[in-house]
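Heads up: the structure comes next, in structure tokens.
The values are calculated or read from the model by the stated rules, or taken from the named source; none is laboratory data. Note that the structure is predicted; figures quoted are calculated from it, not measured. All Cβ positions, glycine included, derive from the backbone under ideal geometry; neighbour counts span all protein chains shown.
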Amino acid sequence: MNKPLSLYFVRHGQTYLNKYEKMQGWADSPLTPEGVEIVKQSGRGLADTEFVAAYSSDLHRTIATAELILKENKHGFGLTLEPRSEFRETFFGSFEGDSSAMTWAKVAKSMGYASQEELFEKANVRETMNGTKVADPKHEAEDFMTFWNRVEKGFLHVINTHRESGGNILIVAHGNTIRNIVHELEPSVKANFILDNASVTVLSYENGLFKIERLNDTSHFTE
């Protein structure tokens, strides 16, 4: 019989590309000093949570975040982190590293919206990702199905590996990756929310059913 699973999704800490408001998908940049400190605070808030496994995307910012969290964890010693490329952020193609405001303005115009604000208000995640691929001059940005097929493969690996034994699983990933997993498995949660750096979102899994327990939670942060 399957045992309950609790999936602890943590968004990586603030990076320099976050700080400078640049597009950051597969492009990578180090955590800022502020980013390191907020991750440590999040880790201390999770210090008593015993994880049976730890995963991250294979990008430096998530690996660094996961290692900091495990270092703060009372039960983290000896737990091996497994980076997986499936948990990467969306690939933004030739927009990688560009100004976020300028990029979204281009995507909005390409999709027939007057502004970035109107784009995010009226277009859903699938439409926005598909529109980004069209707007990308190289057309190499990931559309929704390319992105989701990749992420789903990694997610199913985690579920199939741990559904028999159960326990708490740490998954350090990215804002778009986490919110799309949550939305696809719990459609009542809209996919247009923004995740804070180092925030925790928890999905429980039991008897084939997913339930959201915590969403974009920073209340556990400790000084």
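Scanning segment 90-124 for residues that are in contact (Cβ under 8 Å) with a residue 24 or more places away in the chain and in contact with a Phe, Trp or Tyr (Cβ under 7 Å, 6 or more places away or on another chain) returns Thr90, Phe91, Glu96, Thr103. For segment 137-148, the count of residues that are at pLDDT 95 or above, outside the structural domain of Ala105 (by TED's automatic domain parsing) and within 22 Å of Phe51 (Cβ to Cβ) is zero. Screening the candidates Gln41, Gln14 for the property of being in contact (Cβ under 8 Å) with a residue 60 or more places away in the chain and touching a strand residue (DSSP E or B) at 6+ places or on another chain (Cβ under 7 Å) yields one hit, Gln14.
Filter segment 195-212 for residues that are in a strand (DSSP E or B) and in contact with a Phe, Trp or Tyr (Cβ under 9 Å, 6 or more places away or on another chain) and give the result.
Initial filter on segment 195-212 (in a strand (DSSP E or B)): 200-206, 209-212.
Residues satisfying the conditions are Val200, Thr201, Val202, Leu203, Ser204, Lys211.
Looking at Ala105, Ala54, just one residue is of a type in the set (Gly, Ala, Ser) and assigned to a helix (DSSP H, G or I), and that residue is Ala105.
Restricting attention to segment 1-38, the residues being more than 22 Å from Ala105 (Cβ to Cβ), charged (D, E, K, R) and not in a strand (DSSP E or B) number 4. Can you confirm whether segment 164-182 contains a residue that is surrounded by fewer than 20 Cβ atoms within 10 Å (Cβ to Cβ), of a type in the set (Lys, Arg) and assigned by TED's automatic domain parsing to the domain that holds Arg44? No: zero hits.
Of everything in segment 39-51, what is of a type in the set (A, V, I, L, M, F, W, C) and either part of a strand (DSSP E or B) or crowded, with 22+ Cβ neighbours inside 10 Å (or both)? Give them in sequence order. Show your work before the answer.
Here is the first cut: in segment 39-51, the residues of a type in the set (A, V, I, L, M, F, W, C) are 39, 46-47, 51.
Answer for segment 39-51, where residues must be of a type in the set (A, V, I, L, M, F, W, C) and either part of a strand (DSSP E or B) or crowded, with 22+ Cβ neighbours inside 10 Å (or both): Val39, Leu46, Phe51.
From the list Ile181, Ile194, Ile169, the one residue that fits, being of a type in the set (A, V, I, L, M, F, W, C) and at pLDDT 95 or above, is Ile169. Tell me, please, whether a residue that is more than 17 Å from Asn176 (Cβ to Cβ), part of a helix (DSSP H, G or I), without any contact (Cβ under 8 Å) to a residue 60 or more places away in the chain and small (Gly, Ala, Ser) can be found in segment 127-138. No, segment 127-138 contains no residue that is more than 17 Å from Asn176 (Cβ to Cβ), part of a helix (DSSP H, G or I), without any contact (Cβ under 8 Å) to a residue 60 or more places away in the chain and small (Gly, Ala, Ser).
Could you tell me which residue of segment 153-195 is farthest from the chain's Cα centre (by Cα), considering only residues that are within 21 Å of Asn2 (Cβ to Cβ) and without any contact (Cβ under 8 Å) to a residue 12 or more places away in the chain?
Here is the first cut: in segment 153-195, the residues within 21 Å of Asn2 (Cβ to Cβ) are 153-171, 181-182, 184-186.
Then drop every residue that is not without any contact (Cβ under 8 Å) to a residue 12 or more places away in the chain, which leaves 156, 160.
Values: Leu156: 16, Asn160: 20 Å.
By that ranking, first place goes to Asn160.
Scanning segment 59-86 for residues that are in contact with a Gly (Cβ under 8 Å, 6 or more places away or on another chain), under 20 Å from Glu37 (Cβ atoms) and of a type outside the set (Gly, Ala, Ser) yields Arg61, Thr65, Leu68, Ile69, Leu70, Lys71, Glu72, Asn73.
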